[in-house]
Amino acid sequence: DDGGQTWTETFRNDEPTAFYDCMAWFDNSRGLALSDPVGGKFRILSTSDGGRSWQVLPNAGMPPALIGEFAFAASGTCLVTADRGPDVAWFATGGGAEARVFRSSDRGLSWDVVSTPIPSGPTSGIFSLAFQDPIHGIAVGGDFLVENNAPDGAATSRTSGFSWQLAPAE
């Protein structure tokens, strides 16, 4: 509240298998944070008071994670929200047999998931997502052990994240 001069702890993780990768905000009050899978499903935190308190959302509406699937924390943009669709959020994954994008239209209570054509494996998948509006998005990724080569490392969506096509290599 004061530009970082003072800090107040508002959430303490009590789940030893949780690892929080990123967070995104719908507006100044409402936001989500994403953890890698806990008990076979991704874990979502929610706030509706600007981060003063956080709640773990029920996972009943979360599809199961694939074996080895996780989100990439380094980009900080593995979880994003729509600028003009206040309840829509997406997150992207890798590490498993497929790189996938999860989509929620109810602020993280339930999620749909689709596979993308971006390659996935133990060190590869989707690193970052961006949506210019609730319909048009881009996913970028690769293999973090192969720094200068990412064949099929970008895909676009014109369907609000319900389907993805490889971006042309130019």
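Residues in region 57-71 that are part of a strand (DSSP E or B) and either within 15 Å of the chain's Cα centre (by Cα) or under 15 Å from Ala24 (Cα atoms) (or both): Phe70 alone.
Taken over region 1-30, the residue count meeting the criterion of being of a type in the set (Gly, Ala, Ser) and either open to solvent by 100 Å² or more (accessible area, probe 1.4 Å) or without any contact (Cβ under 8 Å) to a residue 24 or more places away in the chain (or both) is 3.
Per this entry, Gly142 is not counted among residues that are modelled with pLDDT under 95 and within 21 Å of Pro63 (Cα to Cα). Modelled with pLDDT of 95 or more and on the phi > 0 side of the Ramachandran plot: which single residue out of Gly68, Gly3, Gly94 fits that description? Just one listed residue meets the conditions, Gly68. Would you be able to say whether some residue in region 73-86 is closer than 20 Å to Phe162 by Cα, in contact with a strand residue (DSSP E or B) (Cβ under 8 Å, 6 or more places away or on another chain), part of a loop (DSSP other than H, G, I, E, B) and not hydroxyl-bearing (Ser, Thr, Tyr)? Looking for residues that are closer than 20 Å to Phe162 by Cα, in contact with a strand residue (DSSP E or B) (Cβ under 8 Å, 6 or more places away or on another chain), part of a loop (DSSP other than H, G, I, E, B) and not hydroxyl-bearing (Ser, Thr, Tyr), one finds at least one in region 73-86, hence yes.
Of the residues making up region 125-161, those that are under 22 Å from Ala97 (Cβ atoms), touching a residue at least 40 places away in the same chain (Cβ under 8 Å), open to solvent by less than 70 Å² (accessible area, probe 1.4 Å) and part of a loop (DSSP other than H, G, I, E, B) number 1.
Using the structure shown, decide if Arg107 is under 13 Å from the mean Cα position of the chain (by Cα), in a strand (DSSP E or B) and either surrounded by fewer than 18 Cβ atoms within 10 Å (Cβ to Cβ) or not polar (S, T, N, Q) (or both). When the stated conditions are applied, Arg107 does not pass them.
The values are calculated or read from the model by the stated rules, or taken from the named source; none is laboratory data. None of the values given here were measured: they were computed from a predicted structure. Cβ: placed from backbone, ideal geometry, glycine included. Neighbour counts: every protein chain shown. These area figures cover heavy atoms from the full protein model, side chains too; ligands, DNA and RNA do not enter into them. Shrake-Rupley method; radii C 1.70, N 1.55, O 1.52, S 1.80 Å.
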